[in-house]
Amino acid sequence: MAKFLVDNREIEADEGTILLQACLDHGIYIPNLCFVKGMDHPSASCRMCFVEVEGERQPVPSCTVKVKDGIVVKTDTPQVRQLQRTAFQLLMSVHDVDCANCPSNKKCELQRIAKFLKAPLKPRALEIYLKEPRIDESHPFLDYYPNRCVLCGRCVYTCGQRNAQSFLAFSKRGFNTVISFYGAADLSTLDCPNCHACVDVCPVGALVLKEPAKRTVPASSDLGLTPKPLEV
Amino acid sequence: MNRMGNKDPDQVFDVIYKEAERRNNEFLADPAPKIHLGMATCCVASGALETKKGFEEAFAEYHVEARIHTVGCMGHCYAGPFVIIDHPASGFPPIMYNQVDAGKARMLVKSFLVDGDPQLEYVYGAMQENDMLPSVMEFSRFNKEKRVILEKCGVIDPEDIYDYIAHGGYSSLVKALKLQPEAVIQEIQKSGLRGRGGAGFPTGRKWEFARQAPGQEKVVICNADEGDPGAYMDRLILESNPHQVIEGLAIAAHAVGARKAVIYVRAEYPLAVKTVTKAIHQATRLGLLGRHILGTGFDLEIDVFRGSGAFVCGEETALIQSIEGYRGMPQHRPPYPAIKGLFGYPTVINNVKTLASVTPIIDHGADWYRQIGTENTPGTAIFSVVGNVVHAGLVEIPMGVTLRSLIFDICGGIPNNKKFKAVQIGGPSGGCLSEEFLDTPIDFDSLTATGAMMGSGGMVVMDENSCMVEVSRYFLDFTQKESCGKCTFCRVGTHHLLKILERITKGEGRDGDIELLETLARDIKAGSLCGLGKTAPNPVLTSIRYFRKEYEAHIYEKRCPALMCRSMIGYYIDLEKCARGCDACVAVCPVDAIFTTRNRKKGIDQQLCVKCGECMAACPPQYDAVRRVSPPSLVPYVEKPPQEEKEKADGEISGG
């Protein structure tokens, strides 16, 4: 067990635990989007979970820090908040803020972060850039909303954990990066309607299960069949 | 002990060296004239293939016995295609000729090889000191260089391993194999060699980490995923002297204990891929790679991996992902690749130039290397100096030479009597430095202190007609396209920077834009995951720091001081200078914006003008009447006669 200080509060956790995980377990909230409990090498891509660790020159994402005995951590310094607010504003500058019509309303991580950082949902200084098309309906069972997506990659990771191989992946580059569906020659053979792990893990409602009537092919469960085991 | 694994590498190598020496002596003893012809991509692009054909046809036509010796690149790109004619029977030393096209090749064969006249007016310089012709070593472009990495580039045939061996090649590997791996690492540490890929991390330390990392299998990777716009040092080295890199890679593998090595080269470098693949085959055939190298117990297999051209894959963790078959996205470090890299094995990733430096260091020793360059950064730096500079090309200089000396002495300064404005160092990760920094010595620490960085060696020189806002926009356009899209700051942040810069160059800048750029840029630097994002704002930050007035002129006065941003300039014709009856500009205007005034001079219809500048280029120099101004409101009003009057005027002219 390692003892260490977070915002002057002493915390105990196993040596080598991911700092963000340890803080969340002890009820200390640090804004985060891309972290999934149990990851051994977090992607550290959302750049929200910054903290200051004594001895480091600048704030570091707490998902990249391993707990060590005696480390001193601050989660609310001005530098940390500056980076978190900027990262949040950047995410919101490409977000279609339409909470009333979003299935994620009231359980959305972005709303939670906005409240926590006391930051507006619409960034004042930055222009808004939205992607076209607004919805990717190519998947037989899922709809993808690129302007809700924060590209945290939780879905990609979770699908990979669940199915040994991810059927979701990042595609395109830079600002145009989106989540796409790959990995199976025929997506309609997948058992997405029963799994929906990606939908559950999405922090913002970017992945939504198609209603049965709108499915482009019937799911195996619709036909009362046992799903075929995945060949991976 | 393995029967194959206990021979003396000296003895085994001696056989190979003797063969190389024999071939070289045979080549030298041949009385026929020799034409050394540069055939790297840059020379081929400037017409070296036609030149070669020109020589061959001329040989046949004039019944000349001569040999063409294809070499790589000498780095003198402003002079390409270049040839060196070695014609001992003429009594002249070997002579270099520049810009030799097929016609010139034919002429040289006839007059020099047949008639013995070297055509003095076409000579660039002799390759040796002599009392007949000026030697190239009298030019500072040659004598201020210090060639350590490029020493054999442009001298040897890159496709002939024996040529390399005859020039001293692979003797460093023999030396290294006789040393304990730790001793090799110690020698590299003592030399003070720092990684030439950009960050300048001490190479010896990197090797030591990997050597000490637990695990039997280790990997070394040569990073040739060169991607900075305008930089081509790595390509040139692989095309001109691949064996020096392969030898360095083998020494690195021996030092860290690796039996697997990968050369990661971008697929856009087809000639480099071909040359290096052939070189690996040749070295393997001679027992310099593969199993039981030179009869010792050291095995090494080198694979060539072709990257698909993503800039971010030059970042080491993304490079590893890409070889493993994943999308090239950087991973956060630690663990560093030296501890846990390719497929989980401890991995050393070194730049082409770093590995090419290892070979001479082992050959001449660390003390020799330390004498070159500065205390903190020993050795040499290679820059591809491009842009508004007279002698553009590849230059290898000892560290510590000032920017002024590099740009003005070695590269000949700014062409067309224009003034120096800025130099962009380090590509999209670097910065723009103004005139006051010209006396900065070139080394990792001094350049980093200015806000630019050494980078991998791209250097763009800009004259007074370059707009710094536009230059920043250009580099941001590049980085935001090349961002992998993984982390928020880089993916979205650089896009915002670009959009703001685009607005400013279009004359739509707003109050507060400079401050917004600065805060965003600082946060992107601090918050990004990998080196690409952490350095992408450098061009913006440095250009704001050193050229703030230019940003202010764009935003508050809607004026581009360099007269470059199209939306903020206007063209007009100076009626004092315009020649009556001349219509050179009328013919080139793509939109028919030029009209004839009442007194038969020319005016530009500002409504129609698309500001292409063709009229300015076409106006005969003796008149030089076309003016470019910013803001466009400075364009004086010139009355355009109504259509009927124009026709009438035309009629009068044709009528006599």
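Among the residues of the stretch B:258-309, those that are hydroxyl-bearing (Ser, Thr, Tyr), more than 14 Å from residue B:323 (Cα to Cα) and in contact with a Leu (Cβ under 8 Å, 6 or more places away or on another chain) comprise B:269, B:275, B:296. Considering each of A:56, A:12 in turn, give the residue that is out of contact with any helix residue (DSSP H, G or I) (no Cβ under 9 Å at 6 or more places or on another chain), surrounded by fewer than 17 Cβ atoms within 10 Å (Cβ to Cβ) and over 19 Å from residue B:492 (Cα atoms). It is A:56. Across the stretch A:124-154, the qualifying residues are those that are in contact with a strand residue (DSSP E or B) (Cβ under 6 Å, 6 or more places away or on another chain) and of a type in the set (Asp, Glu), and the one among them that is nearest to residue B:486 (Cα to Cα) is A:136.
Scan the stretch A:123-153 for residues that are within 11 Å of residue A:96 (Cβ to Cβ) and in contact (Cβ under 8 Å) with a residue 24 or more places away in the chain and jot them down. I'd like the intermediate steps shown before the answer.
First, the residues of the stretch A:123-153 that are within 11 Å of residue A:96 (Cβ to Cβ): A:128-131, A:134-135, A:145-149.
Selection gives A:128, A:129, A:130, A:131, A:134, A:145, A:146, A:147, A:148, A:149.
Inside the stretch B:517-530, can you point out the residues that are in a loop (DSSP other than H, G, I, E, B) and either hydroxyl-bearing (Ser, Thr, Tyr) or farther than 26 Å from residue A:59 by Cα (or both)? Of everything in the stretch B:517-530, just one residue is in a loop (DSSP other than H, G, I, E, B) and either hydroxyl-bearing (Ser, Thr, Tyr) or farther than 26 Å from residue A:59 by Cα (or both), namely B:528.
Tally the residues that are small (Gly, Ala, Ser) and either without any contact (Cβ under 8 Å) to a residue 60 or more places away in the chain or at positive phi (or both), restricting the search to the stretch B:137-179.
Start the filter on the stretch B:137-179 by keeping residues that are small (Gly, Ala, Ser), which leaves B:140, B:154, B:166, B:168-169, B:171-172, B:176.
Applying the additional criterion that residues be either without any contact (Cβ under 8 Å) to a residue 60 or more places away in the chain or at positive phi (or both) yields B:154, B:168.
Here the count works out to 2.
Could you go through the stretch A:78-90 and let me know if any residue there is open to solvent by 40 Å² or more (accessible area, probe 1.4 Å), more than 11 Å from every other protein chain (Cβ to nearest Cβ) and in a loop (DSSP other than H, G, I, E, B). No. When the test is whether a residue is at negative phi, open to solvent by 10 Å² or more (accessible area, probe 1.4 Å) and at pLDDT below 95, residue B:114 passes it.
Within the stretch A:142-174, the set of residues being part of a loop (DSSP other than H, G, I, E, B) and either within 14 Å of chain B (Cβ to nearest Cβ) or on the phi > 0 side of the Ramachandran plot (or both) comprises A:146, A:147, A:149, A:150, A:151, A:152, A:153, A:164, A:165, A:166, A:172, A:173. Within the stretch A:26-44, can you find the residues that are touching a strand residue (DSSP E or B) at 6+ places or on another chain (Cβ under 9 Å), open to solvent by 10 Å² or more (accessible area, probe 1.4 Å) and at pLDDT 95 or above? Hits for the stretch A:26-44 are A:26, A:28, A:32, A:35.
For residue A:197, are the conditions met, namely being free of Cβ contacts under 8 Å to residues at least 24 places away in the same chain and aliphatic (A, V, I, L, M)? No; evaluated as a whole, the condition is false for this residue.
Inside the stretch A:24-53, residues that are more than 14 Å from chain B (Cβ to nearest Cβ) and either out of contact with any helix residue (DSSP H, G or I) (no Cβ under 6 Å at 6 or more places or on another chain) or at positive phi (or both) make up a count of 8.
Does at least one position in the stretch A:57-66 carry a residue that is more than 23 Å from the chain's Cα centre (by Cα) and within 14 Å of chain B (Cβ to nearest Cβ)? Even if it seems obvious, please write down each step before you answer.
Of the stretch A:57-66, the ones more than 23 Å from the chain's Cα centre (by Cα) are A:57-58.
Subsequent filtering for residues that are within 14 Å of chain B (Cβ to nearest Cβ) retains A:57-58.
The answer is yes; a qualifying residue exists.
Against the definition (without any contact (Cβ under 8 Å) to a residue 40 or more places away in the chain and over 25 Å from residue A:88 (Cβ atoms)), how does residue B:491 come out, yes or no? Judged against the criteria, residue B:491 is not a match. For the stretch B:433-451, the criterion of being within 26 Å of residue A:175 (Cα to Cα) and open to solvent by less than 10 Å² (accessible area, probe 1.4 Å) is met by none of the residues.
The single condition among (1) at pLDDT 95 or above; (2) assigned to a helix (DSSP H, G or I); (3) within 14 Å of another protein chain (Cβ to nearest Cβ) that residue B:553 does not satisfy is (3).
Scan the stretch B:452-462 and give yes if some residue there is open to solvent by 10 Å² or more (accessible area, probe 1.4 Å), within 10 Å of chain A (Cβ to nearest Cβ) and within 29 Å of residue B:400 (Cβ to Cβ), otherwise no. No. Take the conditions at pLDDT 95 or above and in a loop (DSSP other than H, G, I, E, B) and apply them to residue A:128. Does it pass? Yes; evaluated as a whole, the condition is true for this residue.
Name the residues in the stretch B:9-30 that are among the small types (Gly, Ala, Ser) and either without any contact (Cβ under 8 Å) to a residue 60 or more places away in the chain or in contact with a Pro (Cβ under 8 Å, 6 or more places away or on another chain) (or both), would you? If you could, list the steps in order and put the result at the bottom.
Kept after step one, since they are among the small types (Gly, Ala, Ser), are these residues of the stretch B:9-30: B:20, B:29.
Residue satisfying the conditions is B:29 alone.
Applying the condition of being open to solvent by 40 Å² or more (accessible area, probe 1.4 Å) and in a loop (DSSP other than H, G, I, E, B) to the stretch B:492-516 and asking which residue is farthest from the other protein chains (Cβ to nearest Cβ) yields B:506.
The values are calculated or read from the model by the stated rules, or taken from the named source; none is laboratory data. Since the structure is predicted, the reported quantities are computational estimates derived from the model, not experimental observations. Here Cβ is always computed from backbone atoms with ideal geometry, including for glycine, and neighbour counts include all displayed protein chains. Each accessible area value is taken on the protein alone, full model and side chains, heavy atoms only, with ligands, DNA and RNA left out. Shrake-Rupley method; radii C 1.70, N 1.55, O 1.52, S 1.80 Å.
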